[in-house]
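Since the structure comes first, as structure tokens, the remarks are kept for the end.
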Amino acid sequence: MTIIKIPPEHPRAESLRIREKLVEHYHKGVVATAGLIAHGRGEAFDYMLGEKTTKPALNAIKAAAATLLTAEKPVISVNGNTAALVAEEIVRLANVAKAKIEVNLFYRSLERELKIKELLEKAGADEVLGVGEDASAKIPELQSERRRVDPRGILVADVVLVPLEDGDRTEALVRMGKKVIAIDLNPLSRTAQKATITIVDNVVRATPKLVETAEKLKQDLKKCHEILLNFDNKKNLAESITLIKERLSRLAEKGEYLTLEDEKHEL
Ligand code: PTJ
């Protein structure tokens, strides 16, 4: 396995570090081959968003934290990419929101499930659901391997956080009456469009912010209800799309490539 040393002064150092982390975990058998493709798609949208957590993303993060904190049985669904990139933050989020962690894979294999479980345990998780025979329940009408869920976890959850999800399962979970919180860089994806709350942001930035926000809100359930009363996912999602459109127009009008630093001065 070739590990590339990334010079810290490289203009795209952070992006390259994330990419290397995924490649490393691909070789370890945590990330699926298609996980690398999915990441490339995410990177393209992140580029258009300006590689930062936008205002609509922050609004969605607040609503997501409020939803997790006021849930009865929240579950965080973890796949290969999420485990590779933010295992520690997932464990911290589960602790603050009193949520269960469940491994749920599109490209399911016992080997990958065990590796992801081990990674989460190393990051501090006490319990990891959904591995092997534990995933003995099925989500109705779903054909992919993602239909297999843990009867103590996703099956009975009222709220499910799904970073990097596929559209079919999001729709199926919503049909089952669950609130689905998605983290997806593509605001046009079926998951983004169908979720109850959509955080259009990179999982690498959104997850720590979600932990931080939940820490702040956990003593104030009244504030959580207030946030949820004022949150409109369709409107918020439309703002993310508008933001990309306006940013691209600005860049096109200027007729030259703007670095993120230049852009900070422009705004
Ligand atoms: O580990 P597995 O077997 O469960 O497989 C996981 C993948 C991601 C391969 C599987 O769920 C898949 O094929 O997903 P999709 O349908 O390609 O969707 C992935 C979505 O995540 C796309 O809309 C991407 O834009 C988005 N995405 C990719 N990287 C990130 C991201 N969103 C947030 N943060 C990222 N870093």
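None of the figures in this text is laboratory data; all of them are computed from the coordinates on show. Being a predicted model, the structure only gives us computed values, none of them experimental. Here the Cβ positions follow ideal geometry from the backbone for every residue, glycine too, while neighbour counts run over all protein chains shown.
Observations on the model:
- A helix-only calculation puts the chain at -17500 deg cm²/dmol for mean residue ellipticity at 222 nm, using -39500 (n - 2.57) for each DSSP H run of at least four residues, averaged over all residues.
- Overall Cα dimensions of the stretch 117-267 - principal axes, largest extent first, Å: 57, 39, 35
- Net charge of neighbours whose Cβ lies under 12 Å from the Cβ of E133, counting Lys and Arg as +1 and Asp and Glu as -1: -2
- Summed residue charge, Cβ within 14 Å of G124's Cβ, Lys/Arg positive, Asp/Glu negative: -3
- Selected from A32, A13, A137 as most flexible by GNM, with the chain as the system and alpha-carbon contacts under 10 Å: A13
- Shape call, the stretch 81-191: gyration tensor on alpha carbons, a/c limit 1.5: rounded
- Considering only N186, N79, N95, the mean-square fluctuation computed in a Gaussian network model of the chain, springs between alpha carbons under 10 angstrom, is largest for N95.
- Taking every alpha-carbon pair within the stretch 186-239, the share separated by more than 16 Å comes to 53 percent.
- Diffusion of the chain by Stokes-Einstein, at 10 °C in a medium of 1.306 mPa s and with Rh set to the Kirkwood radius over alpha-carbon pairs, works out to 84 µm²/s.
- Debye intensity ratio in log₁₀ form over the Cα atoms of the stretch 92-145, taken at each q of 0.16, 0.20 Å⁻¹: -0.52, -0.76
- Most mobile of A57, A252, A125 in a GNM of the chain (Cα contacts under 10 Å): A252
- Taking only alpha carbon atoms, the stretch 1-60 gives an Rg to Rh ratio of 1.03, where Rh is the Kirkwood radius.
- Taking the square roots of 5 times each eigenvalue of the Cα gyration tensor of the stretch 1-159, largest first, gives ellipsoid semi-axes of 27, 21, 15 Å.
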